[in-house]
Amino acid sequence: MKPVVFPGSFDPVTNGHLDLIKRARAIFGAVVVVVLHNPQKQTKFTVQERVSLLKEALRAEENITLDSAEGLLADYMKTHGYTTVVRGLRSAHDWNQERTQVYFNKRFNPALETVFLPADEKYQFISSSAVKEAVAAGGDVCDLVPPCVADVLKK
Ligand code: ADP
């Protein structure tokens, strides 16, 4: 079985992302986590910083590799011979955004399939932006992100 690709901004990685990555590995055997560089989106962390945080958070995990990409996800998938993308769904709002992405992925790469995993109940309210907002307002997010991210956000 080919590895499944889990693409995203990961700005920064949260415990919700980590849960999804591990669940995807349990189904597909191996996961390639791809940090996407989207010049239209302003991020707190650079692509390199986001990759290093993921690397640290997933240090002990097997069958999970990291990569980064810019441009169309559909092209990245074609170039690397991957066929399946996994994404998480926390709410109807996520689904509304994902629908457009699914359409564009198919348009540019008809062989590409997207599989959705529902967010675990424990993590459904966690997002990278909520974490950043909470930290900016002085909140403690230690139980929402891996320790390496909590350390960086404290600084
Ligand atoms: P993007 O900007 O591409 O949506 P994110 O880093 O916000 O990037 O999310 C990457 C993927 O992880 C998306 O499919 C998103 O739905 C999923 N995700 C984000 N937070 C969680 C969470 N708490 N639980 C499960 N999936 C999540």
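So how do 118-127, 81-90, 11-20 stack up, highest first, on mean other-Cβ count within 10 Å? Please report the intermediate quantities before stating the final value.
Working: 118-127: 14.9, 81-90: 17.6, 11-20: 22.6.
Going by the mean number of other Cβ atoms within 10 Å, highest first, we get 11-20, 81-90, 118-127.
Each label was represented as a point 7 Å from its Cα along the Cα-to-Cβ direction; for Met1 and Gln40 these points are 3.3 nm apart.
Over region 4-154, the hull volume per residue, using the convex hull of the C-alpha atoms, is 111 Å³. Residues whose amide H comes within less than 5 Å of that of Phe6, counting only those at least five positions distant or on another chain, are Val32, Val33, Val34, Val86 (H built at 1.01 Å from N in the peptide plane). Each part reduced to its alpha carbon centroid, region 1-21 and region 84-155 end up 8 Å apart. Does anyone have the angle between helix 15-28 and the longest principal axis of the chain? Alpha-carbon axes, 0 to 90°, nearest 10? For 15-28 against the chain, the angle is about 30 degrees.
What would the Debye formula give as log10 I(q)/I(0) at q = 0.10, 0.24, 0.26 Å⁻¹ for the alpha-carbon point model of region 71-155, no solvent? The calculated log intensity ratios at q = 0.10, 0.24, 0.26 Å⁻¹ are -0.37, -1.04, -1.13.
Here the Karplus relation 6.51 cos²θ - 1.76 cosθ + 1.60, evaluated at θ = phi - 60°, turns the backbone of region 137-146 into coupling constants of 8, x, x, 9, 10, 3, 8, 9, 9, x Hz, with x for every Gly and Pro.
In sequence order, region 80-90 has phi-based couplings of 8, x, 8, 10, 10, 10, 10, 9, x, 10, 9 Hz under the Karplus curve 6.51 cos²θ - 1.76 cosθ + 1.60, θ = phi - 60°, and Gly or Pro positions carry x.
Bear in mind these aren't lab numbers, they're just calculated from the coordinates by the rules spelled out. The structure displayed is predicted, hence computed values, not measured ones. Note: ideal-geometry Cβ built from the backbone for every residue, glycine included; neighbour counts use all protein chains shown.
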